[in-house]
Amino acid sequence: MSGAARAALAAARAALRRDLAARGFADDGEVLRGPVKWRTPEGPDATAVVDITVPDRYPFGPPVVRLTDTGVLLDVTFHRELDGALCLWDTDEPVPDGPWTDPDLLLRRIVGWLENTAVGWPGDEDCDLERYLPASGQPGIVLYDHDAIRPLQGYLRTQAMQNPGVVTVLASTWSPPTRPTGNRAAKGRKPAPSAPRHLAYAVDLGPRQFPVRDWDDIAAALGDHATELRRFINQGSVELLLLWYRRGQRKAVLAVAVQPGHPPVLKAREAADTSLAARTLRAGTSATDLARQQVAIIGCGAVGSYVADLLYREGVRHLNLIDGQLLRPGNVIRHLAPPRLAGLPKADAVKQVLLSYELGGDHIQAKQSKIETPGQALEILDSSDLVIDATADQRATAMLCWAATTTGRPMVTACVQREGGIARADRFPLRCEEGHLPPVPEAPYLALVRERGCGDAVSLTPPSAVMAAAELAVELARDELTLSRSLPATVLRVLCPQPDAPYDKLCMLAARTSTEFETTS
Amino acid sequence: MATLPSYFTQALSRIEPGPDADNAKKSHAEVSAALKAAAPLARLGVKPVLIGSYAREVSTRRVKDVDVFGRLQDADQDLRPGRAIDLFEDALTGSFGHQRVERQARSIKVSFNEYDLSVDAVPARPKGNHWEIPKKTDQDNRASWIETNPTRLTELSTETNKKYTLSGKGIYVPVVKLVRQVRRAWISDQPGGLFFEILTYWAFNDGKPREISHAGYLVAVLDYIEKELPVVAEDGLRDPTLAGKVIETRATERDFSDAIREMTKAARLARTALAEDDDCRAALAWQRLLGKNTEGETVFPIPEYCNPDGTRNSNSATIKGAVTAPAGSGRYA
C-alpha cells in the first residue's frame, strides 16, 4: 500500500475516533466506549453503552458496534451478527455516502436500532435467519424444489449430488413406523424404530418474532414432535432441517445442518430453491410476454447460437432453429455449444444446450437446413412472430429482407463486420419515415484464413464481437416482440475504432432516417 | 483536543517487555525451584513468590532484573538475617554455581546471561500480617530486619487497575508504564521507577481521575506529580502498603531538585499536547514527552498522515465515505 493511501486511511480512522471522543466516548486505542441516549417505547429516556471498533474495512464499511449495556431490559432479536455486532446498514447501502463516517449519523443509527429492537422491528421483513446461527462450513448448498416440497411436512429423503456438498431434498416422504402400544408393546419390548440415514425434516415455523438461535427454539415450535425428531437426529438419521418461516408478508426457508448432541448442534447452510419460478425469476421483465412468441433463428453459428441462448433465457420458449452446417471443433471457441457436441448439426447442438437448462414449456425445433428459395423465406416469415437472420449468407439474407419488406412480417438481421470491429443489427420492415443506416464499406483488404483442407474462409472475429452482435439483435427482437417499438431500424456498435468516419471512434450509431443517424459515444 | 488513542496503544506496545517477559518467567521459575529444593529452606517453609514491577505487570522494556520474594513461612524470631541469606546463597550456589551467584546486602543475585537479566532472591520472615526482609548492615556492621509488604503492592495495583477503566479495560497499569517511560526520558537516574509508580498510585487514589483517553489520564497524573514531587522530596513518599512508613529512595537532594524541574517541564508539555487541536502537532509533543525506549526506538509514533516535523501530510486528505463508482449506484454485474 502506498504511503499516501495508508495516510489517508489512517486520517479517516483518526477523524472518527476524534469525533466520537468529542461526544464523550472513552477510547483505549482499540475500543471506543460511550453512551447512546434513546427513547423507550414507554416514553422515558434510557442510556445504552456501546463499544465501537474501527475495522480495517473502514471507511468503506461501517464501524463495528456492540452493545455493552442497553440501559433498560431489552430483548435483542433481529439485526445482530453472531458475534453480537449490530447490523446497522445493509451491505447494499450506497457506499459513496458513507453515512457511518458522520458520528452523528452513526449514533442516530444506533438509536434507531435500539428503538426498533424495543418495539420488535415492526414492518421488518428481512428473511435472513441463517445469520443467527453459526455457519456449517460445509462446501456446497442444499437444493429443494419449493413447489414440490412445500406441501410436505415431516421426514423427507435427500440425495447427494455430484458436486461436493450439494444435497437435494427430495419430494419423497418417510414415516416412522408406529410403535406397538398396550400389552403387545410391553411383551415385545421392541427397540425404538430406527430411520434411514440422510433424512431431512421439513416443518413450518410460521411467523417469527425472534430468530432461531438453538435447539430449544425449534423444540418449542415443534411441540410433541420434538422428542422424536431429536431421537432421529441423535441416531444420525436426520442431518438437515428445512424450516419454513415468515417475516411480515415474506416467506423463506432456513436450512440447518444438525448434528447429534445434547442438545443437537445447529449450523446454518446455504439453501436454494430449484423450482422453475426461482430459476426464471431473473429472466427479465418481458419473460411472460416472450413465452408466447414464435421465433425462428436462421443460422445457428456464432452469432445465431448466442441469439438463441439470450432469447431463450429471456423467456422465448417457441424457437425454430435452422442451420445447414455441422458443429466443427474449431467453431466451439465462439459458439454456445460445448466441445462435446462437435459433429452435431449446429441447430441440434444449440437445442441440446437450451434443453439442458430444464426451463420447461419448450417447443424447440431444430432443423439442418438452409433458406435457399424466396418461397422458404416467405414461409418461415409467415409462420413466425419474428425471424432472426444470423446467416452471414448474402443470398439468404437478401431473400429474408425482401420477404419481410414484402409481407410486412418482422425480421432482424445481425452480423459482425470488419473482423469484429463493428457489430450491427437491422430490423425489417421499416416503419413510417424510417431508414436503415448506410452499409458499412468493406475494409480494403482482409487476409483470408481457412482451416486445413477445403471449406469456407474463417472470419477472425473474436468471441466478444459475436456476443455484441447477438446482444444488438436481441435488443431489436425484444423491442419488436414486446411491441415497445422504441428502437430504430438499425443499431450499430463500433467495437474497435476504424480508419473511416463515422466508425473512427467507439460509439453506438442508431438510424433516425435513411440519411440521418444519432451517435452515442 | 488530540488524544490520539491508537497511537498511544502503539506507544505502549513499544515499551512492553516483549521477549523479556518469557525470559523473566523462566528464570523466576528456575530460582524458585532451586529454593524449594533446598532442604534447610524447606524446613523453614519456603514459599517463593514473584514481586517487583514485573509481577505487577508494570515493567517496561527492558526487564533487567526480576525479584523473587523468598517467604520463609515457618521462620521464627530467632532467624538472623545473615543466616537467612547464607541459606539462600547455599541453595542457589548449589543449583547455579558460584559463577552465576552473587551475594548482595540483603539478597542473592543469580545471573541469567543468556537472557541478559538477573534474579534477586530476597529472604523474608513473617512479622504479624506483614513480612520482614534483611536491612542493609548498619554502622556497627550488624544486620537487622526491616518490615515490608511487597505482595500488598501487587494487590493494590490489581485493585486500582480494576477500579479505573478505559473502554472496559484497566487503565492504571498502562498509565504506570507511561509514567515510568516519562521518568526514563526526563530523569537521569533517581528517583527510580518504583518511586514514580507509587506517585502514580497516589495520583489515582487521591485525585480519582475520570478521563476518556490515555492522554487525559497521563496529563492528570503528571499534573499530580508536578504538584506533589516537591512535597514528597521534603516529607517522603507514603508507602501505601505500610501505614506510617515512607518509601525508601536513594535519591539525593540534588536528584530531587533536578527531578522537580524536569517533571514540571514534562507536565507542561503534556498539557500542551492534550490541548492541541491539531493531531500532528500533538503527536510531536507526545513524542518529545515519551522519548525513546531502551532500544533507541522512538516510543510515540507520528501518525501516517503527518510529517515528522508535526505538519500535516498534504497527500493524506481524509477519505469521506468512498469515491463514487464511475457508473454510480444501482449497478449489477
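The values are calculated or read from the model by the stated rules, or taken from the named source; none is laboratory data. Everything numeric in this text was worked out from a predicted model, so none of it was measured. Every residue, glycine as well, gets a Cβ built from its backbone with ideal geometry; the counts of neighbours run over all protein chains shown. Side chains are part of the model used for accessible areas, which takes the heavy atoms of the whole protein and leaves out ligands, DNA and RNA. Shrake-Rupley method; radii C 1.70, N 1.55, O 1.52, S 1.80 Å.
Restricting to region B:241-284, name every residue that is touching a strand residue (DSSP E or B) at 6+ places or on another chain (Cβ under 8 Å) and of a type in the set (D, E, K, R).
Correct list: B:Lys245, B:Asp278, B:Asp279.
Residues being open to solvent by 10 Å² or more (accessible area, probe 1.4 Å) and either touching a His at 6+ places or on another chain (Cβ under 6 Å) or assigned to a helix (DSSP H, G or I) (or both): count how many of those fall in region A:18-38.
Selection size over region A:18-38: 3.
Which residues, taken from region A:222-245, are open to solvent by 60 Å² or more (accessible area, probe 1.4 Å) and touching a Leu at 6+ places or on another chain (Cβ under 8 Å)?
Once the filter is applied, which keeps residues that are open to solvent by 60 Å² or more (accessible area, probe 1.4 Å) and touching a Leu at 6+ places or on another chain (Cβ under 8 Å), region A:222-245 yields only A:Glu239.
Restricting region B:1-24 to residues that are within 15 Å of B:Glu114 (Cα to Cα) and either surrounded by fewer than 18 Cβ atoms within 10 Å (Cβ to Cβ) or in contact with a helix residue (DSSP H, G or I) (Cβ under 7 Å, 6 or more places away or on another chain) (or both), which is nearest to the other protein chains (Cβ to nearest Cβ)?
Applying the filter and picking the extreme gives B:Ala21.
Taking helices (runs of 4 or more DSSP H) that do not extend beyond region A:199-316, which have at least 1 residues that are out of contact with any strand residue (DSSP E or B) (no Cβ under 8 Å at 6 or more places or on another chain) and closer than 30 Å to A:Thr117 by Cβ?
Where helices (runs of 4 or more DSSP H) fall fully within region A:199-316 and carry at least 1 residues being out of contact with any strand residue (DSSP E or B) (no Cβ under 8 Å at 6 or more places or on another chain) and closer than 30 Å to A:Thr117 by Cβ, they are A:215-222, A:225-234.
Go through (1) exposed (fewer than 15 other Cβ atoms within 10 Å of the Cβ); (2) at pLDDT 90 or above and name the single condition A:Thr168 misses.
Failed condition: (1).
Consider region A:303-349. How many of its residues are β-branched (Val, Ile, Thr) and open to solvent by 40 Å² or more (accessible area, probe 1.4 Å)?
1
Filter region A:368-399 for residues that are free of Cβ contacts under 8 Å to residues at least 60 places away in the same chain and closer than 20 Å to A:Leu326 by Cβ; which is most open to solvent (accessible area, probe 1.4 Å)?
Here the answer is A:Glu372.
Name every residue in region A:92-146 that is touching a Phe, Trp or Tyr at 6+ places or on another chain (Cβ under 8 Å), open to solvent by 40 Å² or more (accessible area, probe 1.4 Å) and more than 14 Å from chain B (Cβ to nearest Cβ), in order of residue number.
A:Arg109, A:Glu115, A:Asp126
So, of the residues in region A:39-91 that are in contact (Cβ under 8 Å) with a residue 60 or more places away in the chain and assigned to a loop (DSSP other than H, G, I, E, B), which turns out to be most open to solvent (accessible area, probe 1.4 Å)?
A:Asp75
Check region A:29-37 and report whether any residue there is more than 10 Å from every other protein chain (Cβ to nearest Cβ) and out of contact with any helix residue (DSSP H, G or I) (no Cβ under 9 Å at 6 or more places or on another chain).
The initial filter retains those residues of region A:29-37 that are more than 10 Å from every other protein chain (Cβ to nearest Cβ), namely A:35-37.
Still in the list and also out of contact with any helix residue (DSSP H, G or I) (no Cβ under 9 Å at 6 or more places or on another chain): A:35.
Within region A:29-37, one or more residues are more than 10 Å from every other protein chain (Cβ to nearest Cβ) and out of contact with any helix residue (DSSP H, G or I) (no Cβ under 9 Å at 6 or more places or on another chain).
Only residues in region B:25-40 that are open to solvent by 50 Å² or more (accessible area, probe 1.4 Å) count as the first member; pair them with residues that are polar (S, T, N, Q) and part of a helix (DSSP H, G or I), Cβ under 9 angstrom, at least 6 apart or cross-chain, and list the lot.
B:Glu30/B:Ser95; B:Ala33/B:Ser95; B:Ala37/B:Ser95
Residues in region B:200-215 that are crowded, with 23+ Cβ neighbours inside 10 Å, within 12 Å of another protein chain (Cβ to nearest Cβ) and either farther than 17 Å from B:Ala2 by Cβ or small (Gly, Ala, Ser) (or both): how many?
Qualifying residue count, region B:200-215: 2.
Tell me which residues, restricted to region A:460-486, are within 19 Å of A:Ala291 (Cβ to Cβ) and in a loop (DSSP other than H, G, I, E, B).
The answer is A:Thr482, A:Leu483, A:Ser484.
Just one of (1) modelled with pLDDT of 95 or more; (2) away from chain A (no Cβ under 14 Å); (3) part of a helix (DSSP H, G or I) trips up B:Ser111, so point out which.
The single condition B:Ser111 does not satisfy is (3).
On the given criteria, is A:Ala15 within 11 Å of chain B (Cβ to nearest Cβ), crowded, with 20+ Cβ neighbours inside 10 Å and either farther than 24 Å from A:Tyr132 by Cα or of a type outside the set (A, V, I, L, M) (or both)? Break it down stepwise before answering.
Details: within 11 Å of chain B (Cβ to nearest Cβ): yes; crowded, with 20+ Cβ neighbours inside 10 Å: no; either farther than 24 Å from A:Tyr132 by Cα or of a type outside the set (A, V, I, L, M) (or both): yes.
No.
Would you check if B:Leu50 is in a helix (DSSP H, G or I) and either among the acidic types (Asp, Glu) or away from every other protein chain (no Cβ under 14 Å) (or both)?
no
From (1) under 17 Å from the mean Cα position of the chain (by Cα); (2) over 30 Å from B:Arg254 (Cα atoms); (3) without any contact (Cβ under 8 Å) to a residue 60 or more places away in the chain, pick out the condition that doesn't hold for B:Tyr172.
Going through (1) under 17 Å from the mean Cα position of the chain (by Cα); (2) over 30 Å from B:Arg254 (Cα atoms); (3) without any contact (Cβ under 8 Å) to a residue 60 or more places away in the chain one by one, B:Tyr172 breaks only (2).
Of the numbered conditions (1) modelled with pLDDT of 95 or more; (2) of a type in the set (Lys, Arg); (3) under 26 Å from A:Leu242 (Cα atoms), A:Arg150 fails exactly one; give the number of that condition.
Condition not satisfied by A:Arg150: (1).
So which residues in region B:271-313 are open to solvent by less than 50 Å² (accessible area, probe 1.4 Å) and under 12 Å from B:Met1 (Cα atoms), if there are any at all?
B:Ala273, B:Leu274, B:Glu276, B:Asp278, B:Asp279, B:Cys280, B:Ala282, B:Ala283
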